[in-house]
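Remarks on the structure that follows.
Just so it is clear, none of the values below were taken in a lab; they were calculated from the coordinates. Since the structure is predicted, the reported quantities are computational estimates derived from the model, not experimental observations. Note that we place each Cβ from the backbone using ideal geometry, even for glycine, and neighbour counts take in every protein chain shown.
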2 protein chains.
Amino acid sequence: MADRRTYRREPEEKRREALIAAAQELVAEGGPKAATVRAIAERAGVTAGLIRHYFSTKDELSQAAYRALMDHMTDFGAHLLDGAPADPVSRLAIFVAASLRPPVVDGKAVGLWAGFIHQVRSDPALRAVHEASYLRFRDTLQALIADLPRDADAARLRREAIASNAVIDGLWLEGSVLPEMFAPGELEQIGLTSVGAILGVDLAAAMAALPTGVPGTIAAPAIVQRLADTVKDSA
Amino acid sequence: MADRRTYRREPEEKRREALIAAAQELVAEGGPKAATVRAIAERAGVTAGLIRHYFSTKDELSQAAYRALMDHMTDFGAHLLDGAPADPVSRLAIFVAASLRPPVVDGKAVGLWAGFIHQVRSDPALRAVHEASYLRFRDTLQALIADLPRDADAARLRREAIASNAVIDGLWLEGSVLPEMFAPGELEQIGLTSVGAILGVDLAAAMAALPTGVPGTIAAPAIVQRLADTVKDSA
DNA sequence: GCTACTATTATCCAAACGTATAAAAGAAAG
DNA sequence: CTTTCTTTTATACGTTTGGATAATAGTAGC
């Protein structure tokens, strides 16, 4: 009577990644409630019991999924400027603009992020992950700001990095949740203008002067593609 | 055998509000998963069955809770400047600063907002509610910007309102999720400086020049108190 | 081509979920 | 004081949840 389904054994790492990716997709699409063990297993192409073989509890898988998301975002910030021009103003402009385009700006990305908020607030370990990721991104931004041809002390740099980061976060939020409310490219333009105004540098002009094909403008680094896969086929 | 518990009949509106408040608190504290019908009923001091008497489905209660939240926030923006000085720069400064303080900046407030994101993205009716609320807040901001002693056409006003709103949203997000990362008053200061830089107006100086007791600075309007109740005793 | 290992499936379980329905009790009307 | 109404409680139902355990089948080593 037993029509036992055929299967292939996969390397541990590959299965873990598949389960994590499935969990992320489901959270992104339908919120935390949609990411049940059975739904995750089905999406990953395995049966529910296997989850327990790789993660001792569902919470553990959930934590792993959040860590993976934060790692993606950190890598995004770190590798975005690989091969970018050396000019500090151009580099900052590329960084800001790339942060305000898909796949970063994406309804599902916000859904994914929002789906973990409570776990982050309640679990100290995840809180630390979040904090480290936030700081890393902000520090990257601050380093770019520090390279600008201006005079600025540490306190001012800190405030400017917080403010620039806030502009990016806010536009990311609005553009992701209400995409039809903004014209294509409008968020990038507003972001460049606003961060430029905060720092006293004309980022919009610097961006316009860049040749196409520069990293972050057209060709996305591999890491961005992986992030795009995570939140693929946006609404 | 039946120790039937005693109860008091309450007016319909009061019960609805109690159930909505209970649902909001639970979402704010523990995410959407924590807001089960039984937990909501217990928090509201009634038994689970009563929910069905006031809301034909749990989803309907959930929608009502989101609408109520958005109404609170809209009212916050609308009444914040009641009794404020007529000087446009001061009014804008008060508006920005008040948006970057508790009870607006609050971990539970972010949790509450995040807990509804997926419902908002999937339910067209809630999406419309969200859009209207966002636009109303932004329009309020844009009207304040338009009153500034400057020359600016409509397109520029729109961009500036989007950008200023983004600064507020971003700082709200960061300050709420990672409160220990910022000194008291730091977010307000950064918000005033940044929005000021974007608009070319010195909001920080205007804020510093205000006497204490001005609406939005110390005495919070009643509506803010109601919002504070919703997200009370923050982490 | 066995044998041993373990990744994977299959099945089961108790708890919790949203919902439906019936019984009881508070409050107002006569 | 009785009657009527409807808010509220109580109970039950079918489903789904996360987790545990036992059986099976791929795969690598000899």
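Table for the structure above
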read-out: Cα lying deepest toward the dipole's positive end in the protein assembly as shown, options B:Leu157, B:Ser99, A:Pro11, charges on Cβ; value: A:Pro11
read-out: Efficiency of FRET between A:Thr6 and B:Asp87 - r from beta-carbon atoms, R0 45 angstrom, step 0.05; value: 0.05
read-out: Kirkwood Rh, angstrom, chain B [1 / mean 1/r, Cα pairs]; value: 19.2
read-out: Cα long-axis angle, helix B:124-146 against chain B (0 to 90 degrees, to the nearest 10); value: 30
read-out: Ascending list, in nanometres, of distances separating the B:Glu131 label from those of the other copies (7 Å, Cα toward Cβ); value: 4.0
read-out: Position A:Ala86, label points 7 Å along Cα→Cβ, spacing to each other copy in nm (shortest first, one decimal); value: 5.9
read-out: Residues B:Ala154 and B:Ala183, FRET efficiency given R0 of 45 Å [Cβ-Cβ distance, rounded to 0.05]; value: 0.75
read-out: √(5λ) per eigenvalue of the Cα gyration tensor, the protein assembly as shown, largest first, Å; value: 37, 33, 18
read-out: Theoretical FRET efficiency, 1/(1+(r/R0)^6), r = Cβ-Cβ of B:Arg16 and B:Glu42, R0 25 Å, to 0.05; value: 0.90
read-out: Potential lengthening between B:Glu131 and B:Ala143 on full extension [0.36 nm per residue; Cα-Cα distance subtracted]; value: 2.5 nm
read-out: Positive-end residue, the stretch A:95-169 charge dipole about Cα centroid, Cβ charges, pick of A:Phe137, A:Ile168, A:Pro124; value: A:Pro124
read-out: Semi-axis lengths, Å, the stretch A:43-180, gyration tensor of Cα atoms, sqrt of 5 times eigenvalues; value: 33, 17, 14
read-out: Stokes-Einstein translational diffusion, the stretch B:1-82 - Kirkwood Rh over all Cα pairs, 1.306 mPa s, 10 °C, in µm²/s; value: 116
